[in-house]
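Below is one structure, written out as structure tokens; the observations come after it.
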Amino acid sequence: MIKTLDMKRLLILTLVIFGFHKQALSSHIAGGDFRVEWISGNDFRVTLKLFRDCSSATGFDNPTITVRDNVTHAIMYSFNMGAPVVTPIVLGDECYTPPGICLEQGFYQSVVTLADNPNGYYLAWERCCRNGSIQNLAAPGSTPMTFYISIPDPALQNTTPDFGPYPATGYLCNGVENLIDWNVNEPDGDSLVFTLIDPLAGSGTSATSATLAGPAGTYPFVPINWQTPYNLTNIVGGTPSMSVDGATGVITSYPTGSGVYTFALQCDEYRGGVRISRSIRDIQYYVLPCVFDDFPEIMLPDTVGIAVNTAGCLDIVVIDPDATDTISILVSSPVTFADGATIGMPAIFSTSPDTTYQFYYTDETTGLPDSIVLPKPSYSGGAYFGVGAIGLQYCWQTSCEDIVGNPYILDVAAFSLGCSGDTNFLNQTTTLFVNPEPLPSQVLLMPDTIEVVAREQPCFDIVLLTTDPSDTVHVLVNSVTFVGGAVLTQPTPVSTSPTMYEYFYWSDAIGDFDSVILAPPTVSGGAYHGIGGLGFHYCWQTECDDIEEFTYPLVMESFRIGCFGDSTFLSDQTNIKVVPPPGNVDVIPNVFTPNGDKLNDVFRFDGLVNYCYDSLTVQVYNRWGQLMFETTDPYFSWDGKNKSGADVPDGAYFILVNGVYGGKDVTRHYPVHVFRNN
């Protein structure tokens, strides 16, 4: 696969590039690779793919393959692959066919039986020679190619990855980013690691070699010799240099010189963190000065807002960088077209010498507003077409009902007639939103958070003012507190004008409370309405049960009449938090004098009762354990009388307290003395 941004290749290519190809009539091998598939038991299918130039002087061989021990390098087997199935390799696609390049594939297959061997095996075959016009190798016409694959112990029953055929896009385009993705298939689910390596040259210049060079017990292959300035870090030239993604096998390159180049991709197969096979594809690619056809550019924003109850119009402009190209566009928006949207032309810009129209757009490259003057495009078969550029105007008379269906889609598909073809569309989708009438410019004057004490009735004013006193505002007020008894009412009327009310609010501008006098709002349809603003007097009689960790939101949502029913509101809120009443216990007396002098006449707790949380039991015993007094009232006071109402004698008494007072645990025993004569 070759990535060339958003461009397609044309059928145009200068023939001068084929001077180097005519010099390669004696060229031979263009690449290839092995694959080994487990069939059953110890039987394996061996596939050899051999790529060569059609002009090769030598035919396809019946290769004899050696099978060596992975560790000792000893030859364990050899077998003949027989004759191949030869097929032509077709390069290019519907837009581009590189002229003058002819490649063939020889497809060999043979079934072999391999005995179990913990060391595993590798298969090798050497063939001479490579294409003589290869530019990144020294003496390529006399350099052989070694085909190699290693496999694990046959008992593992493994199938090696598959590089696939020589791809139709098996060439590189000069001066642009090229991506090569052979989509290597691994059927066993093992992990693959990819590396660019030095291609293998083999043992010499013989036509074939069943026994590879190198002493027994050593790796028998030698790498190719690179032609200066090329090497493994500079395989095809260009910056950055050719590289591979180790996880995906996708090769990236930016070549800057035409020619023929060789490179090799090594694929290591891992299972459980252990390498079990190694495959190598050695291949040559042509680097060609490809000529590209740019797709048309669709000048449309990603999103467009159309005001409700307006004839929302939008210019559609499509420009082809090649001014002589014939371009066509299809415009689709089924929902809006069914609702009356139209495609037409704006007002006439000029009638001399031809009728033209001016269209406005934002340049996709610069982001700046621009315009273009164009004639009316032709129309046929549902598509608009013209030369170099096309302009249209889309209009949709919206209504309140259209707000509910947001968003809507406007799709424009453009293509150039020719190489781009009507099967290779460039699409631009614009999302249309029907916006409600703008809300009045307003400010909601209410605190963000209000704390109220349980069992109190807090009241405060809510004020909403518009910047234009003539604006009509409509408000919905919602709060769960209304279920709990909260109400919206009006404060005391202004004394000089009983139909007007004064509302107080905090003003950040003056740093103090301010006020405004407004007429009371009218109510209809569950909403409040007023001119210039609205005011409310909010009151809520809270209870202890209303105390919660969370807050109670009081939400105000304003809207415009006209498209009521749409879901677009201007919203703000204040949060009401109900807190418990304050409480504390200060002093527990240990002496009191119930003698009627109104000084320290009773025993009680000094402090502040928390009426939401306090729960208390008080018992008073004399020294003989007789119960003198008992109560469960947190507000209790003991006047020194027993349960029969008689005065207890002076002396020491014991008070047993259990429970909570002032929000604090006060459970304990208290000694207290009664003195009447002091």
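The values are calculated or read from the model by the stated rules, or taken from the named source; none is laboratory data. Keep in mind that this is a model prediction, so the values were computed, not measured. Positions of Cβ are backbone-derived with ideal geometry, glycine not excepted, and every protein chain shown enters the neighbour counts. Surface areas here come from the heavy atoms of the whole protein model, side chains and all, with no ligands, DNA or RNA. Shrake-Rupley method; radii C 1.70, N 1.55, O 1.52, S 1.80 Å.
Here is how the numbers come out for the structure above:
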read-out: Region 67-108, subset at pLDDT below 90 and either of a type in the set (Ser, Thr, Tyr) or touching an Asp or Glu at 6+ places or on another chain (Cβ under 6 Å) (or both), residue farthest from PRO165 (Cα to Cα); value: THR72
read-out: Residue check, GLY651 out of contact with any helix residue (DSSP H, G or I) (no Cβ under 7 Å at 6 or more places or on another chain), surrounded by fewer than 14 Cβ atoms within 10 Å (Cβ to Cβ), free of Cβ contacts under 8 Å to residues at least 24 places away in the same chain and farther than 25 Å from GLY583 by Cα; value: no
read-out: Unmet criterion (only one of (1) modelled with pLDDT under 95; (2) more than 36 Å from the chain's Cα centre (by Cα); (3) surrounded by fewer than 15 Cβ atoms within 10 Å (Cβ to Cβ)) for THR228; value: (1)
read-out: In region 583-606, residue farthest from LEU656 (Cα to Cα) [restricted to those that are surrounded by 14 or more Cβ atoms within 10 Å (Cβ to Cβ) and of a type in the set (D, E, K, R)]; value: ASP601
read-out: Members of region 157-196 found to be at pLDDT 95 or above, surrounded by fewer than 16 Cβ atoms within 10 Å (Cβ to Cβ) and of a type in the set (A, V, I, L, M, F, W, C), listed by number; value: VAL193
read-out: Complete set of residues in region 83-129 that are open to solvent by less than 20 Å² (accessible area, probe 1.4 Å), part of a loop (DSSP other than H, G, I, E, B) and small (Gly, Ala, Ser); value: GLY92, GLY120
read-out: Evaluation of ASP461 against (1) closer than 25 Å to LEU554 by Cα; (2) at pLDDT below 80; (3) not hydroxyl-bearing (Ser, Thr, Tyr) (one fails), failing number; value: (2)
read-out: Lone unmet requirement of (1) modelled with pLDDT of 95 or more; (2) among the β-branched types (Val, Ile, Thr); (3) open to solvent by less than 40 Å² (accessible area, probe 1.4 Å) for THR143; value: (1)
read-out: Region 357-406, residues that are polar (S, T, N, Q) and within 18 Å of ILE329 (Cβ to Cβ); value: THR362, SER378, SER380, GLN393
read-out: Strands (runs of 3 or more DSSP E) enclosed by region 323-405 - at least 2 residues per element that are touching a residue at least 60 places away in the same chain (Cβ under 8 Å) and open to solvent by 30 Å² or more (accessible area, probe 1.4 Å); value: 326-332, 389-397
read-out: Check on SER56, at pLDDT below 85 and open to solvent by 10 Å² or more (accessible area, probe 1.4 Å); value: yes
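Listed here are the residues, each with its yes/no results for (1) among the polar types (S, T, N, Q); (2) surrounded by fewer than 14 Cβ atoms within 10 Å (Cβ to Cβ); (3) in contact with a helix residue (DSSP H, G or I) (Cβ under 7 Å, 6 or more places away or on another chain).
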| residue | (1), (2), (3) |
| --- | --- |
| THR492 | yes, yes, no |
| PRO521 | no, no, no |
| ALA527 | no, no, no |
| GLU548 | no, yes, no |
